[in-house]
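The values are calculated or read from the model by the stated rules, or taken from the named source; none is laboratory data. Predicted, not measured: the structure shown is a model, and the values here were computed from it. Quick reminder, even Gly has a Cβ in these numbers, built from the backbone with ideal geometry, and neighbours come from all protein chains shown.
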Amino acid sequence: MKRELKTELTREEVTKLLKLYNVLEHLTDQAGEVFDVDLSTLRDVQHWNYRMKEIFNFAPQADEQGDRPVHWKPYVLPDDDRAWFYTPKDDQ
């Protein structure tokens, strides 16, 4: 199944990207200045990371058989041939 790659953004989505940028900026500033990062900053990074994955439908890579996700590899765009998506099997 060919997946569509999102190429246009709404203002709301760009605003979410800006929030991610600002959280990452804060994280890198914090790490660079004091070589320490507080947990609330890491929580913010995780939250916006999930949001970006949701908005753009980033997908884990499939294993060599294409049956299972390989979550430890970098995620790919949804139209990438390596992308894995859950497909429910018919019970009939």
* When segment 57-80 is examined, which residues are found to be surrounded by 13 or more Cβ atoms within 10 Å (Cβ to Cβ) and polar (S, T, N, Q)? -> 57, 61
* Structure fact -> Given the conditions (1) in contact (Cβ under 8 Å) with a residue 40 or more places away in the chain; (2) touching an Asp or Glu at 6+ places or on another chain (Cβ under 9 Å); (3) of a type in the set (Phe, Trp, Tyr), every one holds for residue 85 apart from (2)
* Asked: Any residue at all in segment 33-40 that is out of contact with any Gly (no Cβ under 6 Å at 6 or more places or on another chain), farther than 23 Å from residue 5 by Cβ and surrounded by 11 or more Cβ atoms within 10 Å (Cβ to Cβ)?
  -> yes
* To do: Just name the residue that is nearest to residue 77 (Cα to Cα) out of those in segment 7-23 that are over 14 Å from the mean Cα position of the chain (by Cα) and part of a helix (DSSP H, G or I).
  => 14
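Taking the condition assigned to a loop (DSSP other than H, G, I, E, B) and surrounded by 11 or more Cβ atoms within 10 Å (Cβ to Cβ), does residue 89 pass? Let's see the steps before the verdict.
Working: assigned to a loop (DSSP other than H, G, I, E, B): yes; surrounded by 11 or more Cβ atoms within 10 Å (Cβ to Cβ): no.
Here the answer is no, as residue 89 does not meet what is asked.
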* Please work out if residue 80 is more than 14 Å from residue 4 (Cα to Cα) and either out of contact with any Leu (no Cβ under 8 Å at 6 or more places or on another chain) or in a loop (DSSP other than H, G, I, E, B) (or both). => no
* **Residue that is closer than 22 Å to residue 84 by Cα, exposed (fewer than 12 other Cβ atoms within 10 Å of the Cβ) and at pLDDT 90 or above, where the choices are 12, 8, 4, 54** => 54
* For segment 44-81, how many residues are of a type outside the set (A, V, I, L, M) and farther than 20 Å from residue 13 by Cα? -> 15
